[in-house]
Structure formats: structure tokens, C-alpha cells
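One structure below.
The values are calculated or read from the model by the stated rules, or taken from the named source; none is laboratory data. The shown structure was predicted, so the numbers you read here are calculated from the model rather than taken from an experiment. Neighbour counts are summed over all protein chains in view; Cβ atoms, including those assigned to glycine, are modelled from backbone coordinates with ideal geometry. Calculation scope for accessible area: heavy atoms of the full protein, side chains included, ligands and nucleic acids excluded. Shrake-Rupley method; radii C 1.70, N 1.55, O 1.52, S 1.80 Å.
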Amino acid sequence: MGFAHNNVLHSNHFRKDWQRRVRTWFDQPGRKLRRRNARKAKAATLGVRPLTLLRPAVRAQTVRYNRKVREGRGFTLSELKEVGINRKEARGVGIVVDHRRRNLSEEGKKLNVERLKAYKAKLIVFPRNAKKPKKGDSTGDDLKAETTRVHLPLPDPYVHEAPRNITDGEQSFEAYKTLRVARANARYDGIRKIRAAKKEEEEANKKK
């Protein structure tokens with residue numbers, strides 16, 4: 001601790017009985033064991049149900065990350081409708097529903113519809129009462145089929161192609177110019193329509 005000139009000396013407080021205020025974590029190994037046992041007990045009560053709920057495959061946000069495919073919040077109502085699953089019964093068979101999400105592309109919708117179909121094909125719904133199975137419950141040999149608790153993996157985001165030569169059309173294609181022209185056409189589309197309408201109106205007035 002340095003001091004200079006005619007300044008007041010620091011009145012530092014060093015006798016605070018800090019050992020009484022230290023936060024210890026001696027119960028960490030015990031807590032770890034309790035959490036592990038709780039997970040085992042929960043898995044045992046789940047029976048043959050999957051450990052996780054089924055979620056859709058979606059693209060990550062922004063141009064930087066949209067090459068990645070990750071699990072989304074829930075399936076859209078139109079995706080469930082394509083497969084023929086009711087939104088209320090979906091949650092009962094381990095499918096998450098997100099009523100706010102919208103399908104912005106046909107490819108993304110098709111991917112999740114296929115995901116739902118694959119899940120539905122493997123799904124076994126055990127009836128509460130074996131003598132009186134309800135509508136939608138599995139019966140017969142389906143109940144004796146082998147069960148798995150592993151969830152469906154996410155699809156591969158890349159379509160792998162065999163190596164090939166670049167064609168003359170691809171070689172001569174001007175990607176940047178095409179994008180700029182398309183952007184300009186979209187930008188000035190409204191103004192051009194207004195001009196064309198005015199021109200037609202002027203020509204119609206001249207003929208009169």
C-alpha cells in the first residue's frame with residue numbers, strides 16, 4: 001500500500017472474520033449422486049417411452065448460421081395435418097407442437113413431414129386397458145415389437161454429390177450480375193408499373 005504527499009492514510013478493514021462468510025461446496029459429490037439417482041428413477045417411471053420429446057429439424061437463424069440444422073421448438077399445425085395427427089393427441093405421444101411457427105419453404109415442410117412419418121411408423125402406443133384398446137392404440141404384433149428409447153437423429157443438412165466437371169453453362173453464368181439485376185427489378189417493379197399505367201392513360205387520352 002503506497003502513499004505520498006500530505007494525504008490521509010487509508011483506514012483499511014482487514015479484520016472482518018471472512019471465514020464465516022465463505023461459501024463452501026462440500027456437498028457437491030452427494031448432490032451429483034442424488035441427481036443421478038433421480039434421473040434413473042425418472043427413466044424407470046417413463047417405462048419404454050423415449051427419453052426426449054420429438055422436435056422438428058429447423059435451420060438456424062441469420063445467413064451466417066442457416067447452413068446448420070438444429071432442433072426447433074415444435075412442429076407446425078400444417079405439418080401435423082399432412083401426417084394426420086391431431087394437435088391435442090400429438091403431445092400425448094411425445095410430439096411437441098408450436099402453433100406460432102410458420103413454414104416458409106416447401107423443403108423444410110417436407111423434411112419435417114418425413115420426420116413425423118418415420119416417428120409414426122416406429123410408434124407403439126400401449127393401451128391403458130389391454131382388453132379394451134381405444135382408437136389409436138397399438139394392437140396385436142405391434143405390442144410385441146422391439147422397443148427403443150433413442151430419439152430420431154437430425155437429418156444431414158448437406159446433399160452429397162459425386163464429383164463432376166463444371167459445365168459450360170455454369171462456367172459462363174454470372175452470379176453477381178444476375179443477383180444485382182434481380183434485386184434492381186424487384187426494387188423498381190412498382191415504379192415501372194406506375195409509369196406504364198400513366199403511359200397507357202396518356203395514349204388513351206390522345207386517341208380521344
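Could you identify the single residue in Arg23, Arg64, Arg36, Arg91 that is assigned to a helix (DSSP H, G or I) and farther than 29 Å from Phe126 by Cα?
After ruling out the rest, the residue left standing is Arg64.
If you take the residues of the range 106-127 that are in a loop (DSSP other than H, G, I, E, B) and under 19 Å from Leu80 (Cβ atoms), which of them is modelled with the highest pLDDT?
Checked the range 106-127; the qualifying residue modelled with the highest pLDDT is Leu123.
Among the residues of the range 172-205, write down those that are open to solvent by 100 Å² or more (accessible area, probe 1.4 Å) and either part of a loop (DSSP other than H, G, I, E, B) or in the same structural domain as Ala60 (by the TED database) (or both).
Once the filter is applied, which keeps residues that are open to solvent by 100 Å² or more (accessible area, probe 1.4 Å) and either part of a loop (DSSP other than H, G, I, E, B) or in the same structural domain as Ala60 (by the TED database) (or both), the range 172-205 yields Phe173, Glu174.
Could you tell me whether any residue of the range 3-21 is within 47 Å of the chain's Cα centre (by Cα) and not assigned by the TED database to the domain that holds Val93?
yes
Specify the residue that is most open to solvent (accessible area, probe 1.4 Å); the eligible residues are those in the range 58-77 that are over 14 Å from Leu111 (Cβ atoms) and either among the β-branched types (Val, Ile, Thr) or outside the structural domain of Glu107 (by the TED database) (or both).
Out of the qualifying residues, it is Val63.
Mind counting the residues in the range 88-120 that are in contact with a Phe, Trp or Tyr (Cβ under 9 Å, 6 or more places away or on another chain) and open to solvent by 100 Å² or more (accessible area, probe 1.4 Å)?
Residues meeting the conditions: 0.
Could you please let me know if Asn103 is among the polar types (S, T, N, Q), within 14 Å of the chain's Cα centre (by Cα), farther than 16 Å from Leu154 by Cβ and in a loop (DSSP other than H, G, I, E, B)?
yes
Is there any pair linking a residue in the range 128-153 that is outside any loop (DSSP other than H, G, I, E, B) to one that is modelled with pLDDT of 70 or more, with Cβ under 8 Å and at least six apart or on different chains, and which?
Pairs found: Asp142/Ile124; Leu143/Ile124; Leu143/Phe126.
Is it fair to say Lys81 is assigned to a helix (DSSP H, G or I), outside the structural domain of Pro127 (by the TED database) and of a type in the set (D, E, K, R)?
Criteria not met by Lys81.
Against the conditions (1) at pLDDT 90 or above; (2) open to solvent by less than 90 Å² (accessible area, probe 1.4 Å), where does Pro155 fall short? Just the number, please.
Of the numbered conditions (1) at pLDDT 90 or above; (2) open to solvent by less than 90 Å² (accessible area, probe 1.4 Å), the odd one out for Pro155 is (1).
If you go through the range 73-89, how many residues are at pLDDT 95 or above and of a type in the set (Gly, Ala, Ser)?
2
For the range 52-93, which positions are out of contact with any strand residue (DSSP E or B) (no Cβ under 8 Å at 6 or more places or on another chain), closer than 24 Å to Val159 by Cα and β-branched (Val, Ile, Thr)?
Within the range 52-93, Thr62, Val63 qualify.
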